[in-house]
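The values are calculated or read from the model by the stated rules, or taken from the named source; none is laboratory data. This structure is a prediction, so every number in the text was calculated from the model and none was measured. Cβ placement follows ideal geometry from the backbone for every residue including glycine, while neighbour counts extend to all protein chains displayed. With ligands, DNA and RNA removed, areas are computed over all heavy atoms of the protein, side chains included. Shrake-Rupley method; radii C 1.70, N 1.55, O 1.52, S 1.80 Å.
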There are 2 protein chains.
Amino acid sequence: MTTIKDIAKKANVSTGTVDRVIHNRPGVSKKTKAHIEKIIKEHNFQINTIASTLALNKSYKIGVLIPEASSENEFWSEPKKGIEKATEDIKNFRVSTSFFLFNQFDSQSYTTAFSNILEGEFDAVLIAPVFQKETSQLTQALDKKNIPYVFINIQINSLNAISFIGQDSFKSGYLGAKLMSVMIADTDEVLVPVFRLNTDNNAGIYERINGFKSYFEEKRPSVKISNTVIPDVNNFEVIKSSLDKEFEKTNIAGIFVPSSSTYLISKYLESSNIKNIRLIGYDTNQENLQYLKKDIIDFLICQNPYLQGFNGIKLLSDYLVMNKMPEGKYHSAITIVTRENMEAY
Amino acid sequence: MTTIKDIAKKANVSTGTVDRVIHNRPGVSKKTKAHIEKIIKEHNFQINTIASTLALNKSYKIGVLIPEASSENEFWSEPKKGIEKATEDIKNFRVSTSFFLFNQFDSQSYTTAFSNILEGEFDAVLIAPVFQKETSQLTQALDKKNIPYVFINIQINSLNAISFIGQDSFKSGYLGAKLMSVMIADTDEVLVPVFRLNTDNNAGIYERINGFKSYFEEKRPSVKISNTVIPDVNNFEVIKSSLDKEFEKTNIAGIFVPSSSTYLISKYLESSNIKNIRLIGYDTNQENLQYLKKDIIDFLICQNPYLQGFNGIKLLSDYLVMNKMPEGKYHSAITIVTRENMEAY
DNA sequence: CTGAAAGCGCTTACAG
DNA sequence: CTGAAAGCGCTTACAG
């Protein structure tokens, strides 16, 4: 292993000077700089990041702004776990994380959490930008302070996040359609129900629907796709009456639920004793998995939210500690989960 | 951050003594040991692994015994890439890896490579135990020298590997059957072709077939499953005549190929202009992906071989550097890849 | 513009 | 049984 000391000896300079050259710090004459650079190249020297972080003795704080997981919607517990695991991994690099959780159905709580982060003097921020308008405003403060931030799960292209980690929603809907397509006949009809609450705060859901419809338009225009908006996600009676109406109107063979609330539709099918409906939904929360196990849900499309959290923190840590610039976006896996692989996907 | 120095001060001892206690090294009186342990607990002290590896100044060598990727079968290029990435990650922990590649169709080359590893004085070995009998013999030498080893991709339960990383083959076949099942009718017939070469060196393939058949026996016994052994994987004429015979005999609606040679079956279907056959196979090699794109293959079942290599090395590195004992086995994902998610799964 | 020296947190050979 | 000191590879405040 070549060390700074080796390089210094070869170049007839002190280790301090080599260090200055490596990090492009000022105060080295052009001549010695070129000389040292040549020797570094010749020996294919690479700095020992371990020794470097130890010597730097610098610590970094990352603020994390994500929704709190609730019993109705536990989706966000997965990114949280991933973030906690990553935090453990980077602890020895003196990087710490602090959570600022908000209620994903309450924009005020988002604004409050965001303001707390702004006061906290963080070196970087990981954000699930659930509320678009608020995010546009609040990230300006980060931009002004030159604090880097990364979006997970939801992308807002117009802003200055140094990276985005999340699924290509259109593609995932397109995939959902393919899966539906292999299960139904040319003359069948498919229902796409949307819950009001979801649509308000997640543009991704519309993209999923777009992807789903595009597939059938391109490949099987004979299949009829119909939409319905269910006005209240929290009231099962409302869900029931909305769906009852749809089932009266048309002869539905399949349902594509573009959100993690798939289990609510399953619950309806189960309680109304409607059989032989092909059902495709999103995300492996406990409720969904139960209906997957019961064969009421056929396929769940997933995005590995654990990894979104984990990679988000790792990426920011690498950026802070090793000055490693991330790619502009990382598309998460589009994973298909069935009853048969639900324990290993 | 609490350091050894802090603990030493509180305990009125030197840092050396604290270090001895932390690592359970001998030469500390019971009394001081208990005292120091108490203080460590009180302060929730955890050792800084970065400083530790730097001070230890110890290096480790991992030998890697996997098949070489060939143009016909590039599967093993993925684990190799994962191993190379992991090697990069752990370089600063002074862990290095060396490849010993063998021809997966030539047991002699396996034995030779293995012997070279035994002579190389490695601290740990990562093995793809393609040849069962040879592995049983050769690992005895590792056992005798107390050199830890991990199996990837192929499991041999009877041996003393400290861990296994790979897919549950039975389950993957079971999943394949589910996918086939949603695409075919009750009266349809399914063909399961096996290539001679494959069966010789991979028990996993039989397990895949077992899983596939079990599903239909349990859920849809009306579907007829037939086998055929194709005697030569390298001669397309042989493949063609074997399959021609099968297609004459029965009315095949679907084919399940339990190996990564799926593309050979696709080639047959394409060249013979046989349409509307549902085709499910294994692994995302370039050839398979091309037929997936052309809609000739419907589903590929994958095991993320990149991660198998990556995690195998990481696990061994953690074991060597941090003394972290791994679990006995890690089941890789069983991933479903379609034309629609082939770029992100 | 350059070097000598102290320090990051842990480990260990040596002395007592 | 215990401590003082040197060292792992890099960084930096200080002196010149």
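Just counting partner chain Cβ atoms within 10 Å, what average do the residues of peptide B:47-58 show around their Cβ?
Mean inter-chain Cβ contacts per residue within 10 Å come to 3.
From the square roots a ≥ b ≥ c of the eigenvalues of the alpha-carbon gyration tensor of the range B:112-217, which class results: rounded (a/c under 1.5), prolate (a/b over b/c), or oblate?
prolate
Hey, if we sort A:Lys171, B:Lys58, B:Lys144 by accessible area with the 1.4 Å probe, largest down, what's the order?
B:Lys144, B:Lys58, A:Lys171
Per DSSP H run of n ≥ 4, the term is -39500 (n - 2.57); total these for chain A, divide by its residue number, and report the mean residue ellipticity at 222 nm rounded to 500 deg cm²/dmol. Write down the numbers at each step before the final one.
Working: 14 runs with 166 residues, N = 345.
Taking each H run of at least 4 residues, the total per residue is -15000 deg cm²/dmol.
If R₀ is 56 angstrom, what is the calculated FRET efficiency for the pair B:Lys31 and A:Lys5, using the beta carbon separation as r and rounding to 0.05?
0.85
How much FRET efficiency would the formula 1/(1 + (r/R0)^6) give for B:Asp232 and A:Asn157, where r is the Cβ-Cβ distance and R0 is 45 Å, rounded to 0.05?
Step by step, r from the Cβ atoms, then E = 0.25.
Taking the square root of 5 times each eigenvalue of the Cα gyration tensor, what semi-axes in Å does the equivalent ellipsoid of chain A have, largest first?
Each semi-axis is the square root of five times an eigenvalue, giving 50, 21, 17 Å.
With a 1.4 Å probe and every protein chain left in place, tell me how much accessible area B:Leu264 has, in Å² to the nearest 10.
20 Å²
Per 0.36 nm of contour for each residue apart, how much would the distance between A:Ser241 and A:Gln140 grow if the chain were fully extended, relative to their Cα-Cα spacing?
Roughly 31.9 nm would be gained on extension.
Note down the nm distance, to one decimal, between modelled labels 7 Å out along Cα→Cβ at A:Glu327 and at A:Arg220.
3.2 nm
Modelled label-to-label distance, A:Gln132 and A:Lys58, 7 Å Cα→beta-carbon offset: nm?
Inter-label distance under the simple model: 3.7 nm.
Would you report the distance distribution of C-alpha pairs in the protein assembly as shown as whole percents per 10 angstrom bin, up to the bin with the largest distance?
So the P(r) values, bin by bin, are 3, 13, 20, 22, 21, 14, 7, 2, 0.
Heavy atoms of the protein only, probe of 1.4 Å, neighbouring chains included. What is the accessible area of B:Ile336 in Å², nearest 10?
Approximately 0 Å² for this residue.
So how do A:Tyr268, B:Tyr345, B:Tyr174, B:Tyr206 rank on accessible area, 1.4 Å probe, biggest first, that is with the largest at the start?
Details: A:Tyr268 5, B:Tyr345 90, B:Tyr174 40, B:Tyr206 125 Å².
Most to least solvent-accessible, the answer reads B:Tyr206, B:Tyr345, B:Tyr174, A:Tyr268.
Hey, any idea what Rg/Rh is for the range A:1-99, computing Rh the Kirkwood way over Cα pairs? Intermediate values should be presented prior to the final figure.
On the way: Rg = 20.8 Å, Rh = 16.6 Å.
Ratio value, two decimals: 1.25.
Lys pairs in the range B:54-142, Cα-Cα under 23 Å, at least 8 apart or on separate chains: how many? Spell out each step's value before the answer.
On the way: B:Lys58/B:Lys85; B:Lys58/B:Lys91; B:Lys61/B:Lys80; B:Lys61/B:Lys81; B:Lys61/B:Lys85; B:Lys61/B:Lys91; B:Lys80/B:Lys91; B:Lys81/B:Lys91.
Taking the Cα cut-off of 23 Å, the pair count is 8.
Taking Cα atoms of the range B:213-282, Rg/Rh with Kirkwood Rh, to two decimals? Intermediate results must be reported in sequence, preceding the final value.
Working: Rg = 12.5 Å, Rh = 13.0 Å.
When Rh is taken as the Kirkwood radius, the ratio is 0.96.
Does the range B:4-47 come out rounded, prolate or oblate by the C-alpha gyration tensor, with a ≥ b ≥ c the root eigenvalues, rounded set by a/c under 1.5 and, if not, prolate when a/b is larger than b/c and oblate if not?
The shape class here is rounded.
Would you list A:Thr284, B:Thr15 from the most to the least accessible area, probe 1.4 Å?
Numbers: A:Thr284 35, B:Thr15 65 Å².
The ranking, largest first, comes out as B:Thr15, A:Thr284.
Computed over the Cα atoms, what is the radius of gyration of the range B:169-302 divided by 2.2 N^0.38 Å, N being its residue count? Don't skip to the answer; put the middle values down first.
Working: Rg = 13.4 Å, N = 134, 2.2 N^0.38 = 14.1 Å.
Dividing the Cα radius of gyration by 2.2 N^0.38 Å gives 0.95.
Just read off the accessible area of B:Met183 with the full protein assembly in place, 1.4 Å probe, to the nearest 10 Å².
For B:Met183, the solvent-accessible surface is approximately 20 Å².
Assigning unit charges at the beta carbon (Lys, Arg +1; Asp, Glu -1) and nothing else, what dipole magnitude in debye, to the nearest 20, does the protein assembly as shown show about its Cα centre?
I would put it at about 2920 debye.
If you build the Cα gyration tensor of the range B:141-198 and take the root of 5 times each eigenvalue, what three semi-axes come out, in whole angstrom, biggest first?
Values: eigenvalues 287, 34, 9 Å².
One finds semi-axes of 38, 13, 7 Å for the range B:141-198.
Gap in Å between the Cα centre of the range B:38-86 and the Cα centre of the range A:165-187?
Each part's Cα centre sits 38 Å from the other's.
Binned at 10 Å from 0, what are the whole-percent values of the Cα-Cα distance distribution for the range A:227-326, short to long?
Whole-percent P(r) values from 0 Å outward: 14, 38, 22, 12, 10, 4, 0.
With labels modelled as points extended 7 Å from the Cα through the Cβ direction, what inter-label distance (nm, one decimal) is found for A:Thr250 paired with B:Ser70?
For A:Thr250 paired with B:Ser70, the spin-label model returns 5.3 nm.
Search the structure for amide H atoms under 5 Å from the amide H of A:Thr228, placed 1.01 Å from N in the peptide plane, and list their residues when 5 or more places away or on another chain.
It is A:Val192, A:Val194, by chain and number.
Can you tell me the length gained on complete extension of the stretch A:Ile47 to A:Thr111, counting 0.36 nm per residue apart and subtracting the Cα distance?
Here the answer is 18.9 nm.
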